[in-house]
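Written below as structure tokens is the structure these notes are about.
Derivation of every value follows stated rules applied to the coordinates shown; laboratory data play no part. This is a predicted model, so every value here is computed, not measured. FYI the Cβ positions are ideal-geometry reconstructions off the backbone, even for glycines, and counts take in every protein chain you see.
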Amino acid sequence: MKRELPSEIGDLLSGAGLAILAKQVVDGFLIGQHHGTRRGTGTEFSQYRSYQPGDDIRLIDWKMFGRSDRYYIKESETETSITVRFFLDASSSMEYSEGGLNRIDYAALIVASLATLAQRQGDSVGLHIVHSGSRVDVAPRRKKDQLNQLYRRLESVECSGTWPESPDWITECTSRRSELWIFCSDMLDEPETWRSIRELGEIFGHEQLFIQILGDDEIELNLDGVTTVRDPENHKERTIRARSVKELYQANLNEYLKQLEEAVTGRHSGRELFSMTRPVQDVLRAYLGKRSRL
Amino acid sequence: MSIGITAWLWLIAAALIPLIIHLWSRKSGQPKILPTFRFLPEKSIARASRIQLHEITLLLLRIALILLIALLLAGLFFDIDQEVANSVKLSESESEYSEEWIGEDVLEIMVPSERIDRLGWWMILEQVEYEYRPDLIITEGRLTADRFTGELPELSADLEWIPFELPGENRQAVWAGVENSRYEYVQRRSELLIESTIAESAEPDESEATAAPFELVIRSDTDPVIKRGFEAAANLWKINISEADLPYGRLANVRLGDREVSLFSDESPGRVQDKLKPGPQFGITIPVTMSDTIQTANSSGRLIDGGQVQVLELKQPNELVLKATPNPAYAHWFYAGVAHQLLKTAAGIDETLAPEVREDQRKPISVEEPVRAGLIRKESATNILLFLILIAWAAERILSNRRGM
């Protein structure tokens with residue numbers, strides 16, 4: 001039975017531009033739940049504290065002084081903007097397609113939508129397109145043109161190689177500021193690879209969101225009869241009868257997913273598994289959940 | 001078991017289709033990219049190459065389904081042996097009911113005359129052929145034209161005819177010729193073929209009809225070519241021809257004793273005019289058809305290549321209507337035939353025609369050995385085949401749905 005695809009995925013399949021699609025997704029998502037993006041210090045009252053020598057006298061609440069004859073400093077919870085870094089997996093396995101939709105295109109749409117949302121919230125966004133051969137970096141900035149540059153990079157992603165085994169490269173992609181790292185990948189590498197990334201992120205004190213994208217056929221092994229399958233990264237081939245191996249395959253996959261979950265879940269990190277037919281707005285929801293913790 | 005229509009047997013070759021599809025589907029073609037490849041269990045290779053039992057069952061079911069359909073179309077029937085000969089003899093009887101019994105070598109069926117009159121011989125023969133599929137059908141009875149109406153059926157059995165109440169030689173008419181000689185029109189019936197002869201009889205036979213003068217009158221303004229045709233016929237019959245002013249629409253008049261018959265031309269808009277071309281017997285034996293006869297002409301009346309046209313119709317006992325005219329190039333011979341028929345009609349010679357039997361069916365069967373034990377009653381296997389197809393189809397559906405194939 002043909003599954004009904006979310007409208008943005010249908011549009012993506014029909015070749016709509018990433019920029020327009022991402023904006024549409026974010027606009028549709030924000031209707032009714034966006035609180036506005038007023039920024040600046042002192043908009044949210046937090047507490048009063050006694051004036052200490054050395055405090056700026058401009059911060060003294062004079063009304064309070066009138067009432068109590070003491071000097072109080074009015075403290076507010078300052079809304080801080082953060083840096084959101086996207087790490088997009090561009091290894092060969094991201095070229096996997098299902099029903100005409102490439103995993104890399106779906107991942108690019110997710111990144112574009114999240115970046116659009118982050119930009120609107122005043123965060124600076126950066127992008128790293130990663131595979132074993134080389135890396136494309138778009139340094140985080142808050143300037144207006146940043147998004148367009150991001151879209152351009154996303155639209156010209158080419159997949160090859162594998163995800164780097166060692167996480168050392170990630171040290172070149174961080175700052176001392178508070179950051180949110182978002183990984184968009186099929187995460188089919190060894191769980192240990194992802195564990196070391198998560199641990200590095202924790203050392204830097206960053207929040208991390210791992211978005212794992214898998215196809216329905218990958219999860220359920222919906223193949224007819226006898227089929228020859230090929231591993232896109234090491235090019236091995238094997239002839240299988242899907243029905244015969246399905247049970248063991250799913251057991252292996254679930255075991256792996258469990259290990260992966262354990263590897264990437266921490267106090268400041270979490271994993272979300274998405275099939276390629278899920279609406280992109282679900283990802284935005286997961287993102288906002290993570291963002292609110294910063 | 002026998003096959004009715006062998007032409008459909010080529011469909012059996014279609015049974016190879018499921019086999020080819022099956023083998024084709026085992027060839028996996030282009031490999032499918034599977035990034036989760038490493039989660040496949042090791043033993044998948046061994047399992048894939050083995051054909052599973054239900055696959056073979058499904059394959060056999062599909063082949064059987066096609067074979068059954070082919071047999072259904074080919075008209076499979078079962079032979080049920082009966083201890084009788086493989087020939088059927090149909091005999092006309094005066095009784096009200098049909099009776100049948102197994103004779104020494106044949107299955108004899110008595111058919112009431114009323115039934116033959118109602119259905120005609122062809123339909124009865126067709127029924128016998130369908131029911132018993134004999135090698136030989138012997139038909140005994142009155143074999144007259146009125147009993148051979150309708151289409152000639154496709155019969156695989158050989159036919160043998162035993163006519164009764166038909167004299168071997170029948171003198172039909174006697175008249176006085178030009179020089180007051182006595183002439184006879186003789187129809188000889190041998191093997192149901194009519195042979196016509198006009199002969200001068202030497203000795204008048206008192207028991208026959210008294211010789212009367214034959215008079216043939218044609219219009220005085222008749223076209224010379226048509227007139228030549230009439231003259232040719234008059235010459236054949238050895239009678240005189242005269243001209244007179246006949247009423248409008250009347251082409252010719254013939255009188256023999258008290259009997260008078262007129263030839264009219266059909267003026268209806270649908271008539272075939274100036275188109276007839278010579279057929280095999282063009283000119284002298286144009287068939288005369290009755291107005292209530294469905295058949296417009298028999299095969300000897302096929303004047304236009306590939307088609308049959310009604311040429312002469314006996315509307316009333318004394319009215320013969322010419323319903324078609326020939327290509328002018330053949331007018332002479334055509335009108336000779338028309339005049340011949342006009343004269344035959346006036347002479348009261350019956351238009352009994354031989355059953356139109358194919359040449360090979362006319363041949364009597366020479367049986368060297370007595371035919372025994374062989375009349376095979378054939379029962380159609382259609383119902384059984386349909387039932388088997390239904391079962392095979394249902395099993396195929398159930399198995400293929402359950403296995404997702």
Query - Charge-dipole axis of chain A as Lys and Arg at +1 and Asp and Glu at -1 on Cβ define it, positive-most pick from A:Ser185, A:Phe204, A:Gly133 - result: A:Phe204
Query raised in the report: Past the 28 Å Cα-Cα mark, which pairs from A:Lys258/A:Lys290; A:Lys258/B:Lys32; B:Lys89/B:Lys315?
Result: B:Lys89/B:Lys315
Query raised in the report: Rounded, prolate or oblate: which fits segment A:145-211, taking a ≥ b ≥ c as square roots of the Cα gyration tensor eigenvalues, rounded meaning a/c under 1.5, else prolate when a/b beats b/c?
Result: oblate
Report summary line: Amide H neighbours of B:Val106 at under 5 Å, excluding residues fewer than 5 places away on the same chain, with H built from the backbone geometry, are B:Ala85
Query raised in the report: When B:Thr139, A:Thr239 are ordered from fewest to most other Cβ atoms inside 10 Å of their Cβ, what list results?
Result: A:Thr239, B:Thr139
**Report entry** Acute angle (nearest 10 degrees) that the helix A:191-204 long axis makes with the longest principal axis of chain A, alpha-carbon atoms
**Finding:** 10 degrees
Query - Percent antiparallel among DSSP beta bridges (both partners in chain A, rounded to 5) - result: 45 percent
Query - Spacing of the two label points (7 Å from each Cα toward its C-beta) at B:Ser268 and B:Glu179, in nm - result: 4.6 nm
Query - Sorted by Cβ neighbour density within 10 Å, fewest at the top, the residues B:His332, A:His131 - result: B:His332, A:His131
Requested in this report: List the relative contact order of chain A as a percent without decimals, with contacts defined as Cα pairs under 8 Å and 6+ residues apart.
Outcome: 19 percent
Query raised in the report: Taking the Cα atoms only, what angle lies between the long axis of helix A:18-30 and the longest principal axis of chain A, rounded to 10 degrees?
Result: 60 degrees
